[in-house]
Amino acid sequence: MKQAPQQGFRARLRQLSRRQQLAFMAVLCERLVPNYALYVQMTGQGDIRGVLVILDLVWEALQVREARIDFARQAEKLSEFEPPGDDDSFGARRATETVMALAAVLDALQGDAPEAPLEVSRVSRNGVQAFVEMTEGRDDDNEERNAARLRAHPLMDEEHDFQAMVLESVETTLDREALKSLRRLGRNEGVSNLGLSLE
């Protein structure tokens, strides 16, 4: 599959209503969650239940317009679920991306955060890039070879296709049923953007 031109993608992302942008970000966060869950499972650090509760509240805010949720308080809680600053492992970095993406959604829920959808999109894509470089990169690689490998990698293709599909899905009317199917899409049968799952 061919990658969508970034310019057009960004423009469409910016044109979404606030609610559509929130839905886009929530779906991408769902797909990042298994990376965080794996980190918790491997290290005993973090709090997957806490992260899932916050994500539930994001979906509640999307479904129940008059929901009264203190998202500033949720942002405080979320910061406690970050991996320790001195853990520079691959798993910790991917878990941190999950927290960063969710923090961007909480920023958007608290007020004006026009760059938040682009940030969440970038965080997800960067994680895939780091994974490809770690698993397939070689010491003698130059930038060109690296870029070519990334472009040709199926995980990167999948990431572009997934984000394009989510964007297309949120551009329609977001009724209760549409939100439910978006959440299912994000859960991706428990498989993350890196192709990892707890199974």
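The values are calculated or read from the model by the stated rules, or taken from the named source; none is laboratory data. Because the structure is predicted, anything quoted here is derived from the model rather than measured. Glycine gets a Cβ as well: all are built from the backbone with ideal geometry, and neighbour counts include every protein chain shown.
Structure summary
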{"read-out": "The range 167-193 residues that are in contact (Cβ under 8 Å) with a residue 40 or more places away in the chain and surrounded by fewer than 17 Cβ atoms within 10 Å (Cβ to Cβ), paired with ones that are among the acidic types (Asp, Glu) and not in a helix (DSSP H, G or I) (beta carbon under 8 Å, 6 or more apart)", "value": "Gly190/Glu199"}
{"read-out": "Of all residues making up the range 157-199, the number that are closer than 18 Å to Gln20 by Cβ and either modelled with pLDDT under 95 or in a helix (DSSP H, G or I) (or both)", "value": "22"}
{"read-out": "Residues of the range 121-156 classified as among the charged types (D, E, K, R), modelled with pLDDT under 95 and not in a loop (DSSP other than H, G, I, E, B), total", "value": "7"}
{"read-out": "Selection within the range 104-114 - buried (at least 20 other Cβ atoms within 10 Å of the Cβ) and either among the small types (Gly, Ala, Ser) or not in a helix (DSSP H, G or I) (or both)", "value": "Ala104, Ala108"}
{"read-out": "Matching option when the condition is in contact (Cβ under 8 Å) with a residue 12 or more places away in the chain and crowded, with 19+ Cβ neighbours inside 10 Å, among Gln41, Gln21, Gln45, Gln63", "value": "Gln21"}
{"read-out": "Hits in the range 115-156 (condition: surrounded by 13 or more Cβ atoms within 10 Å (Cβ to Cβ), in contact (Cβ under 8 Å) with a residue 24 or more places away in the chain and basic (Lys, Arg))", "value": "Arg125"}
